[in-house]
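Below is one structure, written out as structure tokens; comments come after it.
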Amino acid sequence: MRVPPEFRDRDDTQVAVLDALVGRADDGMTVLELRSGVDATIDEVEDALSELKTAGLIEVEQADGRVRIYPDERAVPDPGEQVDDDPGLLETIRRRLGL
């Protein structure tokens, strides 16, 4: 599952982190699980988590001595909603140019 388009206008690492979290929205993820699931350095993942937390797009919970990170409900698409996995030519060019 992918993050809805309105949340995809962020840094690539932030979007990758959100996508990973949305894929495991019920269970959440640890920082180590995120690091292994996102193609970024640990510093990039931590920076992305900080920005996402500031934006209110993730929730952090500590239970049983473990910290788990969950996506905010706004970032999780409805079960019947399909998010376009193929962004199209113009969107791909826009992303590559950083526009």
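Taken together, the values in this text are just the output of simple stated rules run on the coordinates, not laboratory data. Note that the structure is predicted; figures quoted are calculated from it, not measured. With ideal geometry, Cβ positions are generated from the backbone for all residues, glycine too; neighbour counts draw on all protein chains shown.
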| field | Complete set of residues in region 18-50 that are buried (at least 16 other Cβ atoms within 10 Å of the Cβ) and not in a helix (DSSP H, G or I) | value | Arg24, Ala25, Gly28, Met29, Val38, Ala40
| said: Just to be sure I understand the filter: pairs with C-beta atoms under 8 Å, separated by 6 or more residues or on different chains, first member in region 40-62 and on the phi > 0 side of the Ramachandran plot, second member surrounded by fewer than 19 Cβ atoms within 10 Å (Cβ to Cβ). Which pairs pass? | reply: Gly56/Asp72
